[in-house]
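Enquirer: Sending over a structure as structure tokens; questions will come in a sec.
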Amino acid sequence: MTTHQDPATALPAADPGEIEHAATGRTGAGPWHLAARRLRRNRVALPFGALFLLLVAIALLAPAFGESVAKTGPNTNHLSDTITVRGQERNVVELDGVPIGPQYLAAKGRYMLGADGNGRDVMVRLLYGARNSLFIGLTASLITTVLAVTVGLLAGYYRGPVDAVISRTLDSLWAFPPVLIGVALGVSLALGGLDLGLFQVRGNSLWIPTLIIGVVSVVYLARPIRGQVLSLREKEFVEAARAHGASDLQIMTRELLPNLVSTVLTFLPVLVANAILLEAALSFLGAGVQPPDPSWGTMLANGVNLLITSPHLTIAPGAMLVLTVLSLNVFGDGVRDALDPRSRVKIGT
Amino acid sequence: MSELESTRIGGVPPGDRARASSRGADPSRSGTDVLLDVRNVKVDFNTENGVVHAVDDVSFSLAPGEVLAVVGESGSGKSVTAMTLMGLTRSPNAVFGGSARLHDLDLISASGNELRRVRGKEIAMIFQDPMTSLNPVHRIGKQIVEQIQAHEDVSDEQAMRRAVQVLERVGIPRAQERAASYPHEFSGGMRQRVMIAMAMACDPAILIADEPTTALDVTIQAQILEEMRALRERSETAIILVTHDLGVVADIADRIAVMYAGRIVEMGTLDEIFYDPQHPYTWGLLGSIARIDRDRPGRLPSIPGMPPSLINRPQGCHFRPRCRHEFEACPRYPELESRLGEAPGHHDRCWLSAEEKRTRRVVGEGERDRARSRRCGGVTALLEVAHVKQHFPVRRGVFNRVSGHVHAVDDVSFSLGRGETLGLVGESGCGKTTLSRTIMRLLEPTDGTIELEGRDISHARSRELRPLRKDVQMVFQDPFASLNPRKRIVQIVGAPLMHHGVPRQEIGRRTNELLTRVGLSPEHANRFPHEFSGGQRQRIGIARALALSPKLIVLDEPVSALDVSIQAQVVNLLEDIQEELGVAYLFVAHDLSVVRHVSDRIAVMYLGRVMELSPSEELYSKPIHPYTAALLSAIPVPDPRANRDRRRVVVGGEPPSPIDPPSGCVFRTRCPRARELCRNEVPRLSEYPGGHVAACHFPLNVSEVEVGCAGKSPLSTRDSGNTAPALVEDDEMPLDTGALA
Ligand SMILES: Nc1ncnc2c1ncn2[C@@H]1O[C@H](COP(=O)(O)OP(=O)(O)OP(=O)(O)O)[C@@H](O)[C@H]1O
Ligand code: SF4
Ligand code: SF4
Ligand SMILES: [Mg+2]
């Protein structure tokens, strides 16, 4: 296989000023453009990303669904109510305490996924729960990101005593199982609420699990960030910035921070997934979202009591958790591959 | 050397093939004695941006015991060619063509198993980076034993005995003991020897060496080349040597293949290529090297432009866009064939006729008479460095106790005038970079003073330093690490301006000016660093350094990561800027040829100390310090005939540890002239005629009388009692520098 013909596209005279670089077809295409382009070509990650967006959209539509389809709220009990299924009257909760099972579309949209022990509509609670779980997951991850980037930058940039203090603190946080800290903090705060003078947080506020999750996850992101800063600070471009008189703050924000974005983006989906799982665990143990507010974790906790008679109570929130975490993880892998051009993928010809 | 001679390469007609024939390496010979037969090898890589034609239509043959050098600019496909022969480029995105027959196996189409059987046994490879190519967790001896046992059924003891033998053969002292060491216990040069030992363990027929000495210092490089030569003589191993250093090529090769844009553009014997080059690209390569064996030209001739993209190669002759001799025939694809009647083995890919080539073969566009006047002394001092020391504590053990100090810079003094260029050379680890970072005040000196325009900045705080930063800027070695990959060029070049409070619109305007000044176009302002080649990135680094109109620029190995042709462009740019703006340079480099080209004066460092500081022409023609002489003699000159005649002195050993430097003269452990006095007394920097300043008890090239009345240098502080040095006897001058003078 020997070609003597060359591509007809001849190169214009290459003077030193005339850039012809093979790596990019376009000019000025930044690292982000390139990553986005690679992500867009990923046939696996994109559908899962879309799935996650769909879950978010559904969660946002929860009130509309409750009002116009299920005609009930998430916390409304229907212990002694009856509904009509295909012309038949049925108790929402039988006299022996067993709630009605999934009706799908048979009851005109009511009790599509059945009722729980209090006669509450599981579908409605599932969607409202999604709101809470996703809100906590996303917000907690943002808090984690801000804290971890700050802490990681400081530790990696200043090293020495600053690093020692920060790293030892993170180490000791690491040494506790996050669920344990979460439960300890969560239970005590849920009882007394939080009084920070200006801020007053009620015991059943969503902010309490959010903050707890946000803080206990810092260590997962702060470590890689610190490691990256440690190596970045030795790069010559940091030296160059120092040489022309940039202050420490300027170096951290203008030189280092932009280089951390890809690490953060790589970790973010997994971080959100973990936060959602952690929320579920905390709520399951009674230290997260407080009843009667729904979240996937509280719904699971309620469901286990009736696991044998009404498995739908655990299957529904469990399935949502699995779907969310799966979509985030697969999408996260795609983001990582897109940001790391060295990842070996076969390029179609 | 006359004007005419220095502008022509060689100027000697072909015919002198003494050396080539002695190795029986006439490329025209076919059939009988061919070890490896490479035919039309082609390697394409599918990438996101299109198909990269990394290697195209490469054919050559290799005879036993022959050294074939593959040269060319970065990205010309040298490494891909070499690695393809080892089957190391195979990947889902690689497409291969052609054949490479070794005995009766085709290396291109062989299966993985077949390849594994010949790898190491028949064909072995050594890589550029001796630091990463050994497994850090296994003992050296064990790694070689494994290599042997992978191919031969021998007992552990036998294999170990062989391992120790090969280690001895490549010059590892106390090989028996050293076989039990881990790679990190060896220095770079030693590790490269181990790599060679490993490659040689099974007596392969072919050794592929990809830039085997690029990461090493010149004195160590000379030792390794010596080792490779010896191996070749001993075991008839054929060597494919991939390198960009034409000096190394002239030193060791029998035949040369010049690659450009994935193709061989010229191939012939050593003398044919050096003294009768046929392809304009070869002329350019040979012309753009800064050389220590010739008069210094005013400007380095450079090949304009840069290598083409391998995705969209120029049609016909790939060198066309950069060729000064292009004519109607060039859009057609030239075959690699003999175009000379008298040398059937000398092939090239250029349409010009043989006579035209010989008449046009001129390099440098006649700029050689523009020699710059040297500024030496008599200028007002910009920078005064006095007795600067930089010691780093070494901490050991659980309690982090300080167990010693690295004497990275030890009592260095010099001054630098306005608009002057001071070269700073020395082997790796001698403290060049530490010294320049200390001058930049990125480090605080342990001791001594640094004065900038009379102001002592040695211990200034960072707040006080910030306004002074304007005056001293730096250009870094690594064009990839020195630009923030996440920022646009306008932000990178404009950052210094921004930090010094220049308004935004003004920054945009200045940035455009600066980019134009360094030969880039303002349109590049919005691009990101990854879109530029190494040379262009270095231009961007220079633009950033110029942004604040500094008075001094510290250039830390500014061209060592670049190809020779691009090096020449950047060096010329630096000289133009100096002429225009009168900025002073501190030019740090390990490449003595480039340093000589740019510097007014040169300081030679060894183990943290200045050994000699002399005007550059003086230093090269009449080195006073034995270390300077050793460095100069270790550089291979890109001139095969001169190399053959030159009496080379290979300095043995390696630099000692800077944690525990030798007493007295730090060079004494490697110095061929060392005597008792050198052990006991630190030689002080003394002045000698011709502006030389050197620290040696028994200097070279200096008469007895001159030694006796050598003035104490104003730069020197050491009061080591003025003992008269012992007589210098003529027969005690082991370093022959005559060939260089
Ligand atoms: N796996 C790969 N995928 C895509 N392109 C590749 C791959 N390996 C090498 N290339 C490209 O092939 C071309 C030739 O590369 P090669 O490493 O052989 O150059 P070289 O002559 O050895 O240069 P240097 O002097 O820098 O070592 C380059 O453009 C390089 O980017
Ligand atoms: S073929 Fe033409 S363009 Fe190519 S090197 Fe020869 S003269 Fe130059
Ligand atoms: S002082 Fe002695 S050891 Fe040092 S360089 Fe001179 S002769 Fe050699
Ligand atoms: Mg290479």
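The values are calculated or read from the model by the stated rules, or taken from the named source; none is laboratory data. Keep in mind that this is a model prediction, so the values were computed, not measured. Neighbour counts are summed over all protein chains in view; Cβ atoms, including those assigned to glycine, are modelled from backbone coordinates with ideal geometry. Just the protein is used for accessible areas: all its heavy atoms, side chains included, with ligands, DNA and RNA removed. Shrake-Rupley method; radii C 1.70, N 1.55, O 1.52, S 1.80 Å.
Enquirer: Test each condition in (1) open to solvent by 10 Å² or more (accessible area, probe 1.4 Å); (2) in contact with a helix residue (DSSP H, G or I) (Cβ under 9 Å, 6 or more places away or on another chain); (3) within 13 Å of another protein chain (Cβ to nearest Cβ); (4) within 16 Å of ligand 4 (Cβ to nearest atom) for residue B:58 and report the one that comes out false.
Expert: Condition not satisfied by residue B:58: (1).
Enquirer: Here is a further query. Just give me the residues in the range A:300-333 being open to solvent by 60 Å² or more (accessible area, probe 1.4 Å), among the β-branched types (Val, Ile, Thr) and in contact (Cβ under 8 Å) with a residue 24 or more places away in the chain, in sequence order.
Expert: Passing the criteria: only A:309.
Enquirer: Name the strands (runs of 3 or more DSSP E) wholly inside the range B:188-276 in which the number of residues that are open to solvent by 10 Å² or more (accessible area, probe 1.4 Å) is 1 or more. Let's see the steps before the verdict.
Expert: Working: elements: B:206-210, B:238-242, B:255-260, B:263-269.
Per the criteria, B:206-210, B:263-269.
Results for (1) open to solvent by 60 Å² or more (accessible area, probe 1.4 Å); (2) touching a Cys at 6+ places or on another chain (Cβ under 6 Å); (3) away from chain B (no Cβ under 14 Å); (4) at pLDDT below 85, shown as yes or no for each residue.
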| position | (1), (2), (3), (4) |
| --- | --- |
| A:18 | yes, no, no, yes |
| A:21 | no, no, no, yes |
| A:27 | yes, no, no, yes |
| A:33 | yes, no, no, yes |
| A:46 | yes, no, yes, no |
| A:54 | yes, no, yes, no |
| A:62 | no, no, yes, no |
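Enquirer: Kindly establish whether residue B:485 is assigned to a loop (DSSP other than H, G, I, E, B), within 14 Å of chain A (Cβ to nearest Cβ) and of a type outside the set (Lys, Arg).
Expert: Yes; evaluated as a whole, the condition is true for this residue.
Enquirer: Determine whether the range B:456-477 contains at least one residue that is in a strand (DSSP E or B) and among the charged types (D, E, K, R). I'd like the intermediate steps shown before the answer.
Expert: First pass over the range B:456-477, keeping only residues in a strand (DSSP E or B): B:456, B:472-475.
Those left that are additionally among the charged types (D, E, K, R): B:456.
Checked against the condition, which is being in a strand (DSSP E or B) and among the charged types (D, E, K, R), the range B:456-477 yields at least one hit.
Enquirer: Right, another one. What's the number of the only condition in (1) assigned to a helix (DSSP H, G or I); (2) within 12 Å of another protein chain (Cβ to nearest Cβ); (3) modelled with pLDDT under 90 that residue B:520 fails to meet?
Expert: It is condition (1) that residue B:520 fails.
Enquirer: Sticking with this structure for a sec: Check whether at least one residue in the range B:91-99 is away from ligand 3 (no atom under 16 Å from the Cβ), within 14 Å of chain A (Cβ to nearest Cβ) and touching a residue at least 60 places away in the same chain (Cβ under 8 Å), and report yes or no.
Expert: Filtering the range B:91-99 for residues away from ligand 3 (no atom under 16 Å from the Cβ) gives B:91-99.
Remaining after also requiring within 14 Å of chain A (Cβ to nearest Cβ): B:91-99.
Narrowing further to those that are touching a residue at least 60 places away in the same chain (Cβ under 8 Å): B:98-99.
Yes, the range B:91-99 contains at least one residue that is away from ligand 3 (no atom under 16 Å from the Cβ), within 14 Å of chain A (Cβ to nearest Cβ) and touching a residue at least 60 places away in the same chain (Cβ under 8 Å).
The rows are residues; the columns are (1) open to solvent by less than 70 Å² (accessible area, probe 1.4 Å); (2) at pLDDT 90 or above; (3) within 30 Å of residue B:310 (Cα to Cα).
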position	(1), (2), (3)
B:81	yes, yes, yes
B:85	yes, yes, yes
B:93	yes, no, yes
B:96	yes, yes, yes
B:99	yes, yes, yes
B:108	yes, yes, yes
B:128	no, no, yes
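Enquirer: A follow-up question, please. Please tell me if residue B:252 is more than 16 Å from ligand 1 (Cβ to nearest atom) and either at negative phi or more than 14 Å from chain A (Cβ to nearest Cβ) (or both). Break it down stepwise before answering.
Expert: Details: more than 16 Å from ligand 1 (Cβ to nearest atom): yes; either at negative phi or more than 14 Å from chain A (Cβ to nearest Cβ) (or both): yes.
Taking the combined requirement at face value, the residue satisfies it.
Enquirer: So, of the residues in the range B:291-308 that are open to solvent by less than 10 Å² (accessible area, probe 1.4 Å) and small (Gly, Ala, Ser), which turns out to be farthest from the other protein chains (Cβ to nearest Cβ)?
Expert: B:298
Enquirer: Sticking with this structure for a sec: Scan the range A:167-179 for residues that are surrounded by 12 or more Cβ atoms within 10 Å (Cβ to Cβ) and free of Cβ contacts under 8 Å to residues at least 60 places away in the same chain and jot them down. Steps first, please.
Expert: The initial filter retains those residues of the range A:167-179 that are surrounded by 12 or more Cβ atoms within 10 Å (Cβ to Cβ), namely A:167, A:169-170, A:173-174, A:176, A:178-179.
Across the range A:167-179, the qualifying residues are A:167, A:169, A:170, A:173, A:174, A:176.
Enquirer: Please determine, by comparing only the residues of the range B:36-49 that are open to solvent by 10 Å² or more (accessible area, probe 1.4 Å) and more than 8 Å from chain A (Cβ to nearest Cβ), which one is farthest from ligand 2 (Cβ to nearest atom).
Expert: Initial filter on the range B:36-49 (open to solvent by 10 Å² or more (accessible area, probe 1.4 Å)): B:37, B:39-40, B:44-49.
Checking the rest, the ones that are also more than 8 Å from chain A (Cβ to nearest Cβ) come to B:37, B:39, B:44-45.
Working: B:37: 27, B:39: 23, B:44: 23, B:45: 25 Å.
Here the answer is B:37.
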